[in-house]
1. If you average the sequence gap of Cα pairs under 8 Å that are 6 or more apart and divide by the length of segment 18-88, what percent do you get for the contact order?
2. Can you tell me which of 49-59, 22-32 comes out highest on packing, and rank the rest after it, using the mean Cβ neighbours within 10 Å?
3. What Kirkwood hydrodynamic radius, in Å, does segment 18-88 give when the mean of 1/r is taken over all pairs of distinct Cα atoms and then inverted?
4. Before I look further, what does segment 18-88 give for accessible area per residue, probe 1.4 Å, in whole square angstrom?
Amino acid sequence: MNGLAVENRNETSVPLTFGEKTELLKRYEVYCYQVAFYLLQQEVGARRSAEEALLALYKLDGFFALPEHERKEKVKAAAIRHALSVRSGRQPS
């Protein structure tokens, strides 16, 4: 997929499919990892944090209806929250 289906779809009327959601989240994968790595300074924890953050965002239907700049802020917040929980050994709230 090239992501056009997600960009051109009226997200308020028809829910996104699994593939469309994952395609949209792929756009934020590297950014999410970078934020987590910056905080943790280690690959394993950063990868785990990014995976958990993106999975949490996948479950939030409202995330996909947000404008691009708000989605990026949500990704950053989720990456920070999950990185800090990995660092402290807790589950994020």
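The values are calculated or read from the model by the stated rules, or taken from the named source; none is laboratory data. Since the structure is predicted, the reported quantities are computational estimates derived from the model, not experimental observations. Glycine gets a Cβ as well: all are built from the backbone with ideal geometry, and neighbour counts include every protein chain shown. Only protein heavy atoms, including side chains, enter the accessible area calculation; ligands, DNA and RNA are left aside. Shrake-Rupley method; radii C 1.70, N 1.55, O 1.52, S 1.80 Å.
1. On the way: 70 pairs, mean separation 28.5, N = 71.
Worked out over segment 18-88, it gives 40 percent.
2. Taking the mean over residues of other Cβ atoms within 10 Å, the ranking is 49-59, 22-32.
3. So the Kirkwood estimate lands at 11.8 Å.
4. Per-residue accessible area for segment 18-88 comes out at 59 Å².
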